[in-house]
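Participant: The following block contains the structure, expressed as C-alpha cells.
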Amino acid sequence: MATWDDVARISLALPEATEGPSHSGARSWRVRDKAFAWERPLRRADVAELGDAAPSGPVLALRVADIGVRAALVADSPDVYFATRHFAGYPAVLVWLDEIDLAELAEVLEEAWACRAPRRLVAEHRPPD
C-alpha cells in the first residue's frame with residue numbers, strides 16, 4: 001500500500017522533478033513544467049462508469065508512453081491499474097494507491113517521468129545498457 005508521501009518522495013527524487021498544484025488544485029508532479037503524475041480523485045461520472053469496481057481510496061494518474069502501455073498495465077494488474085472513458089485516447093493510467101506496492105510505484109513513476117522529461121535528461125539519468 002502506497003501513500004501520497006511515498007508518491008512525493010519517489011517523484012521528487014527524480015531529476016528536476018517538482019511538486020505543485022494541478023489546474024484543479026490537486027497535487028501534481030512535473031518535470032520541466034510537464035506533469036507526469038497527479039492526484040486524480042474520481043468524479044461522479046467515473047464512479048457511475050466503474051460501478052462496484054470503483055476504488056474507494058486515493059487515485060493517482062500517471063502518464064504512460066502510449067495507450068498500448070496503459071492497456072497492458074490494466075490487463076496485467078486490473079486490481080491496481082484502471083482507466084475511465086475520460087482518458088480514452090489519452091496516454092495516462094489511473095492507479096489505486098491502496099493496491100500498489102512501493103517497488104512497483106517507483107518503477108511506474110520513473111517511467112511516467114521518462115515520458116515527459118527531455119531525452120537528454122533521461123539519458124543522463126539512465127546510464128546506457
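Participant: Take the residues in region 1-34 that are free of Cβ contacts under 8 Å to residues at least 40 places away in the same chain and in a loop (DSSP other than H, G, I, E, B), then tell me which one is nearest to Arg119 (Cα to Cα).
Facilitator: Going through the qualifying residues, I end up with Asp33.
Participant: Of all residues in region 28-68, which are out of contact with any Phe, Trp or Tyr (no Cβ under 9 Å at 6 or more places or on another chain) and within 20 Å of Pro15 (Cα to Cα)?
Facilitator: Across region 28-68, the qualifying residues are Arg32, Asp33, Lys34, Val64, Ala65.
Residue-by-condition table, conditions (1) at pLDDT 95 or above; (2) within 13 Å of the chain's Cα centre (by Cα); (3) closer than 24 Å to Ala17 by Cα:
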position	(1), (2), (3)
Gly51	no, no, no
Ala54	no, no, no
Ala72	yes, no, no
Ala103	yes, no, yes
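Participant: Working only within region 79-92, note down all residues that are closer than 17 Å to Met1 by Cβ and either free of Cβ contacts under 8 Å to residues at least 12 places away in the same chain or buried (at least 20 other Cβ atoms within 10 Å of the Cβ) (or both).
Facilitator: Within region 79-92, Val80, Tyr81, Phe82 meet the criteria.
Participant: Using the structure shown, decide if Ala48 is in contact with a strand residue (DSSP E or B) (Cβ under 7 Å, 6 or more places away or on another chain), assigned to a helix (DSSP H, G or I) and more than 20 Å from Arg126 (Cα to Cα).
Facilitator: Criteria not met by Ala48.
Participant: Quick one: count up the residues across region 51-68 that are outside any loop (DSSP other than H, G, I, E, B), surrounded by 14 or more Cβ atoms within 10 Å (Cβ to Cβ) and without any contact (Cβ under 8 Å) to a residue 40 or more places away in the chain.
Facilitator: The number of residues fulfilling the criteria is 3.
Participant: Of the residues Ile100, Ile67, only one is within 15 Å of Trp4 (Cβ to Cβ) and of a type in the set (Val, Ile, Thr); which?
Facilitator: When all the criteria are applied, what remains is Ile100.
Participant: Additional query: Identify all residues within region 74-89 that are more than 15 Å from the chain's Cα centre (by Cα), of a type in the set (A, V, I, L, M) and not in a helix (DSSP H, G or I); write none if there are none.
Facilitator: Ala88
Participant: Output the residues belonging to region 111-123 that are outside any loop (DSSP other than H, G, I, E, B) and either touching a strand residue (DSSP E or B) at 6+ places or on another chain (Cβ under 7 Å) or under 12 Å from Glu16 (Cα atoms) (or both).
Facilitator: If the condition is that a residue be outside any loop (DSSP other than H, G, I, E, B) and either touching a strand residue (DSSP E or B) at 6+ places or on another chain (Cβ under 7 Å) or under 12 Å from Glu16 (Cα atoms) (or both), then Ala112, Trp113, Ala114, Cys115, Arg116, Leu121, Val122 are the ones that fit.
Participant: Given the conditions (1) more than 27 Å from Pro118 (Cβ to Cβ); (2) in contact with a Gly (Cβ under 8 Å, 6 or more places away or on another chain), and given that Val47 satisfies all but one, which numbered condition is not satisfied?
Facilitator: Here Val47 meets the rest and fails (2).
The values are calculated or read from the model by the stated rules, or taken from the named source; none is laboratory data. Since this is a predicted model, take the numbers as computed values, not measurements. Virtual Cβ from ideal backbone geometry, glycine too; neighbours counted across all protein chains shown.
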